[in-house]
Amino acid sequence: MSVPHDTLAVRRPGFLRRLSPADWLWAVLVVVSGGVTLALFGDRMNIYQILTLVVHVGVAVWLGWYWRAFRPFALSVALMSLLGVLAYGDNLAHAESNFFLKYLVSGQSAVMWMCALLFMSTAAYMAHMFRRGEGGEGLAASLAVGAGTAVVGAGLLWVGSAGIVPGMQWVAPLFLIIATGALAGPLVRSDFTARVGGALAWTAAAFGLAGLFVRWRETYLHDPTWGYIPVSNLWEVFVLFCIITVLMYLYYEGRTRNRGMGAFVLLLVSAAVAFLLYYTLDQQAHQVQPLVPALQSWWMKVHVPANFIGYGGFAIAAMLGIAYILRDWGERRRPGGLLARRLPGGQVLDDTMYRAVAVGFAFFTIATVLGAMWAAEAWGGYWSWDPKEVWALIVWLNYAAWLHMRFTKGWRGTRMAWWSVIGLFLTTFAFVGVNMFLGGLHSYGEL
Amino acid sequence: MSRMSSDVPAPPRPSRWSVLIGFFGSMHLAIALLLTLALAAALGTVLPQNQPSQTYLMQFGPFWHEVFDAMGLYAVYTAGWFLLILAFLVVSTTVCVYRSTPMMWRDMRGFRLDIREKSLERFAHCESRPQHPEAPDTVMQRAQTVLRHRGYRLRRHQDGDGREVLSAMRGSGNRLGYFFTHVAIVVICIGGLIDGRVPLMAAQLLGGLEPETRQIPASEVPPESRVEPSNPSFRGSVEIPEGRSADVVFLDLDDGYVVQELPFAIEVKDFRVQRHETGQERSFESDVVIHDEDLDTPMERTVSVNHPLVHRGYAIYQSSYRDAGSLLMLDMHLLGRSAEKPRHVPVRVHGRYEQSLSDGSVYTLEFLNFRETNLSRERDEEGGERVHDMGPSMEYALHDPEGETRYFHQLMEPVERDGRRYLISGVRAGTGEPFRYLYIPADPDGEGIDRFMALVARLHDRQVVESVVDDLAGEAAAQFGGGDGRVPREVVRDTMIRLVELFAAGGYDAVIGEIRQRVPEPQWERLTDVFGRVLNETLRALYLRVLEAEGIGQMRGDDAAWLDDALTALDALPRYGSPLFVRLRDYQLHQAAGLMVTKAPGQKVVYFGSLMLIIGVFLMLYVSHRRCWLVLHPRGDGGSRLLFAGTANRNMLEFDHEFAALSRDLLQEASAGGENGAGSRQV
């Protein structure tokens, strides 16, 4: 029997044939910029650095193909970073005199922009959650939440700045953001505010990442012997945390086409921003200082970012867990109520929570292994039962157990949501708590 | 750690073996172990580990100290119960792998061509067409093309009764992921065990290895506390002074140590702390030479943090440094009549020096430490931090004849405060207290303290004091008596001398104390005022003598300011609590490099396990094991009865789409068929 004529039609085109001209343009752009870099600096690079560049080009091409929204983001980051680096030239003092640097893209300014934009983005996503429903439905709830959080926020601001409970003024923005969202939300009925929130979040992430890239250059401008990748102290990794968590969230938002998760995830990111602002404005922790010898290692460049993909995933999972718990509670209390209808669907939340934990776990595993390899080089042993190591192990074991329960016992829903939330506490302790309370070999970036 | 799918027939009669296997392989045990391990590990971070037992005793008291010690809470990670949990985890994982692997293997390899249609109908993704117009062969051909292009592997089977089955699968690596991750845990634990303290513990139990607790040279440590070079794994440290070498390292064991012999010697030629311009450490480096019979010539290398040297499987790390007896050039000022003529004394850090005073008492100085760099963080005008190097410093203890000890911290260079320069010296009575600092104003050149010491010498010189008092007594008598000269000049003179003596011995406080002791309360205020003025006049006159000796005729503004600082310092000097003042003038650095030497043959095993773990995790989380079956029966009308079903174990959302697309391509029904887009049937 001959092959039917329609067989060709059912053949799925190969991967490369499925790419659009825009995809190819992207690839060409990335490869060309890689080539230009090599042409400009190749003679100063060793074989490992050239290899690293090649790997980066490959990853960037793949990422742009896999996730199209990444492309405009990457382009903006590249342009802003270039602007910053070129505006500096060889003179750090340009940070004060150059307009672009002073107000836009110096490491410090860009990060401050990121902070402001993230607050705004959170408020916008909040507004989306409190949007006007049919026939003014939800208005009373919005006003109640808005008024309540506004009062609490103002109270905290006063208590903090009057010195009654010092530091509370840095917590206040979180409540004021919710208040803004809740009070402004009912003005809009469509998902316009959420789209604004998304755009703001993208812009914030671009500013943040460009800020870190420019800061990277700044570390060399301070003193060529200082130069280090700016993921080396608590201030810098908080910026990294904001960027990575926001990007991961935006990926899930695009994939699930669900903008309802933004209010939750961005609220946690805003908490990190609040800390960052306190750390910058109150503690002056943003200043570039040379690294201690133990941190001067290329392992830093892979260990820390991998870790923060892990932390980001776990953070997102926990916030979605909270959303899930709220929705579940709302459904049981009043099936047709606001909570049950405004929050994202249980299926989406559960699935995205799993994805976040999965990617977090995978990268946390990599980060821990890389950390062990670095430790073997810096401290003379791949495992020393140092508090940070132990807590990384605890976090890892916790999520390993989480995944086991999901895979083998089929656990889903509220139970797993609660577990994710608990997981975030462990993760937070491993991230900052260990440095604050336990010390050990990882004790840089004290408060 | 447990079965990954549920359709395995239960064993007919549980034997003892299978009960045991069942217990160890149970998911509940595995999860319990994971969480117990996490808790136990957390315990070890809350309680500081491996501190001296005195510290714990102070913290918990004798009873709880005993209990905690017995529970092994001071060394959780080497405690028997902790290792037992780890061992349980390894056994549990091993059993799980042992039990599940055959099944996984079947799942990966087996195409299950004998699957029943009834089972397929229960799948979440299932398309059933009792009356398909096309012939079975046509569908079969197309199905193979479609599935193959989606990356599926295929098996085809034809039954005798014309039933045809096509089984397809992809992503069986997911099952491999299970195998990899779980075996990796076992491999990593085994690697860790190899590098653990097992050989040492075994030697202690079986070979009579005894920890040494005395502080004696390595060469004098008896054989029962020595470990042969053949020890497969250890992690020890040794401090080697510059210019010296060592062929042993020390391993901590219980409350003491044992000596690990190396098959080569490590010589430290030089140790350096490289610094940034701000003074912060940039790198710690040791130039080492390896003397090994296996080498034709000694091997010279530089070891620094993050850049260890690996020789014959032994890794040598830069881990610390300390002063190994730097030479310190001191000026020893006796705070008395001879203060301005210091003795020049060379001493060594960690050395002692005895100084006898004019009254015959002997003070012992013990030189504790020397630091070449002292960084201080200062807030600059913009509120930012500025790091600034205050220069070298030393620490010493002063033991007085009564057995009291005071601790001193001495900077070599004067520091600047509000535009003036001071030599500062910290003192404290115990090592736990903060230092209190004495500020001695520096000479006009900003460096020396000769002027201050000259003033101290005159203050304690009875002859000079008397001569100064003689000059001033007339004027002072007028002040004492309120102008009518009723107080005899002799009394005034004696009082003035007494005031100076009191001040020299106890500062202004001693003067005030004397007044309060001698006269009734109503006169305190007036006398304090008068005596204060007279005393300051006298001190000022003493100071003029000092200036005179320097060739300065009259006080200028700077000199007056200097006097204010000097009086503050003189007032504080009795509380300084030392009859001598030691100034550091110069030094020759002599340091010891703290090296860590490790041998970790398990490292490669652990890395291999880690690689397996990472690959396994990605396979497990991101590769979905998808399988599809197509069952075809011929029908009398030339068409077919068909069943197309599929299943996946990850990423169901994506499989929903894929299955829909597969059924559409495979069935090629007219778009009017309506059912195509829906794809799956929920059961």
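The values are calculated or read from the model by the stated rules, or taken from the named source; none is laboratory data. Remember, it's a predicted structure, so these values are computed and weren't measured experimentally. Cβ atoms come from the backbone with ideal geometry, glycine included; neighbour counts cover every protein chain shown. These area figures cover heavy atoms from the full protein model, side chains too; ligands, DNA and RNA do not enter into them. Shrake-Rupley method; radii C 1.70, N 1.55, O 1.52, S 1.80 Å.
Brief remarks follow.
- Applying the condition of being basic (Lys, Arg) and either farther than 16 Å from B:Val582 by Cα or open to solvent by less than 30 Å² (accessible area, probe 1.4 Å) (or both) to segment B:406-432 and asking which residue is nearest to the chain's Cα centre (by Cα) yields B:Arg417.
- Residue among B:Gly207, B:Gly191 that alone is open to solvent by less than 40 Å² (accessible area, probe 1.4 Å), farther than 28 Å from B:Asp287 by Cβ and either outside the structural domain of B:Phe82 (by TED's automatic domain parsing) or out of contact with any strand residue (DSSP E or B) (no Cβ under 6 Å at 6 or more places or on another chain) (or both): B:Gly191
- Number of positions in segment A:155-202 that are outside any helix (DSSP H, G or I) and without any contact (Cβ under 8 Å) to a residue 60 or more places away in the chain: 7
- Applying the criterion of being basic (Lys, Arg) and open to solvent by 80 Å² or more (accessible area, probe 1.4 Å) to the residues of segment A:37-94, the residue that is farthest from A:Leu16 (Cα to Cα) is A:Arg44.
- Count - residues of segment B:113-128 that are under 13 Å from B:Thr647 (Cα atoms) and open to solvent by 40 Å² or more (accessible area, probe 1.4 Å): 4
- Exactly one residue among B:Val273, B:Val289 is in the same structural domain as B:Leu205 (by TED's automatic domain parsing), outside any loop (DSSP other than H, G, I, E, B) and within 20 Å of A:Thr225 (Cβ to Cβ), and that residue is B:Val273.
- Check on B:Gly192, in a loop (DSSP other than H, G, I, E, B) and more than 23 Å from B:Val623 (Cβ to Cβ): no
- Residues considered: B:Ser320, B:Ser358, B:Ser376, B:Ser338. Of these, the only one that is assigned to a strand (DSSP E or B), open to solvent by 10 Å² or more (accessible area, probe 1.4 Å), more than 14 Å from every other protein chain (Cβ to nearest Cβ) and polar (S, T, N, Q) is B:Ser376.
- Within segment B:22-36, the set of residues being open to solvent by 10 Å² or more (accessible area, probe 1.4 Å) and either within 32 Å of the chain's Cα centre (by Cα) or over 18 Å from B:Val91 (Cβ atoms) (or both) comprises B:Ile31, B:Ala32, B:Leu33, B:Leu35, B:Thr36.
- Of the criteria (1) more than 8 Å from chain B (Cβ to nearest Cβ); (2) free of Cβ contacts under 8 Å to residues at least 40 places away in the same chain, which one A:Val369 fails: (1)
- From the list B:Thr138, B:Thr145, B:Thr93, the lone residue that is open to solvent by less than 80 Å² (accessible area, probe 1.4 Å), closer than 23 Å to B:Asn649 by Cα and among the β-branched types (Val, Ile, Thr) is B:Thr93.
- Residue among B:Ser304, B:Ser286 that alone is within 14 Å of chain A (Cβ to nearest Cβ), over 21 Å from B:Gly325 (Cβ atoms) and open to solvent by less than 40 Å² (accessible area, probe 1.4 Å): B:Ser304
- All told, B:Phe503 falls short of being surrounded by 18 or more Cβ atoms within 10 Å (Cβ to Cβ) and modelled with pLDDT under 85.
- Flag for A:Ile422 being surrounded by fewer than 23 Cβ atoms within 10 Å (Cβ to Cβ), modelled with pLDDT of 95 or more, farther than 30 Å from A:Gly133 by Cβ and at the interface with chain B (Cβ under 8 Å from one of its Cβ atoms): no
- Of everything listed in (1) in contact with a helix residue (DSSP H, G or I) (Cβ under 9 Å, 6 or more places away or on another chain); (2) buried (at least 20 other Cβ atoms within 10 Å of the Cβ); (3) facing chain B (nearest Cβ under 7 Å), the single unmet condition for A:Thr408 is (2).
- Taking residues in segment B:26-43 that are at the interface with chain A (Cβ under 7 Å from one of its Cβ atoms) and farther than 15 Å from A:Leu426 by Cβ, and partners anywhere that are open to solvent by 40 Å² or more (accessible area, probe 1.4 Å) and not in a helix (DSSP H, G or I), the pairs with Cβ atoms closer than 8 Å and at least 6 places apart or on different chains are B:Met27/A:Lys409.
- Index of the failed condition, B:Leu295 passing every other in (1) among the aliphatic types (A, V, I, L, M); (2) more than 14 Å from every other protein chain (Cβ to nearest Cβ); (3) assigned to a strand (DSSP E or B); (4) over 22 Å from B:Ile424 (Cα atoms): (3)
- Verdict on B:Asp565 being under 53 Å from the mean Cα position of the chain (by Cα) and among the charged types (D, E, K, R): yes
- Selected residue (criterion: most open to solvent (accessible area, probe 1.4 Å)) from residues of segment A:252-294 that are free of Cβ contacts under 8 Å to residues at least 60 places away in the same chain and under 16 Å from A:His128 (Cβ atoms): A:Arg257
- Hits in segment A:380-392 (condition: open to solvent by 30 Å² or more (accessible area, probe 1.4 Å), within 13 Å of B:Ala40 (Cα to Cα) and touching a Leu at 6+ places or on another chain (Cβ under 8 Å)): none
- B:Ile552 vs. criteria away from chain A (no Cβ under 14 Å), free of Cβ contacts under 8 Å to residues at least 24 places away in the same chain and over 54 Å from the mean Cα position of the chain (by Cα): yes
- Any chance B:Leu84 is open to solvent by 30 Å² or more (accessible area, probe 1.4 Å), more than 30 Å from A:Gly423 (Cβ to Cβ) and part of a helix (DSSP H, G or I): no
- The sole residue among B:Pro579, B:Pro574 that is out of contact with any His (no Cβ under 8 Å at 6 or more places or on another chain), open to solvent by 40 Å² or more (accessible area, probe 1.4 Å), of a type outside the set (S, T, N, Q) and touching a residue at least 24 places away in the same chain (Cβ under 8 Å) is B:Pro574.
- The single condition among (1) of a type in the set (S, T, N, Q); (2) over 20 Å from B:Thr278 (Cβ atoms); (3) in a loop (DSSP other than H, G, I, E, B) that A:Thr245 does not meet is (3).
- For segment A:329-345, the condition holds for at least one residue, the condition being that it is farther than 16 Å from A:Ala141 by Cα, surrounded by 18 or more Cβ atoms within 10 Å (Cβ to Cβ) and more than 14 Å from chain B (Cβ to nearest Cβ).
- Total residues in segment B:433-445, condition farther than 14 Å from B:Ala572 by Cα and open to solvent by 80 Å² or more (accessible area, probe 1.4 Å): 4
- Failed condition for B:Pro229, given (1) assigned to a loop (DSSP other than H, G, I, E, B); (2) surrounded by 18 or more Cβ atoms within 10 Å (Cβ to Cβ): (2)
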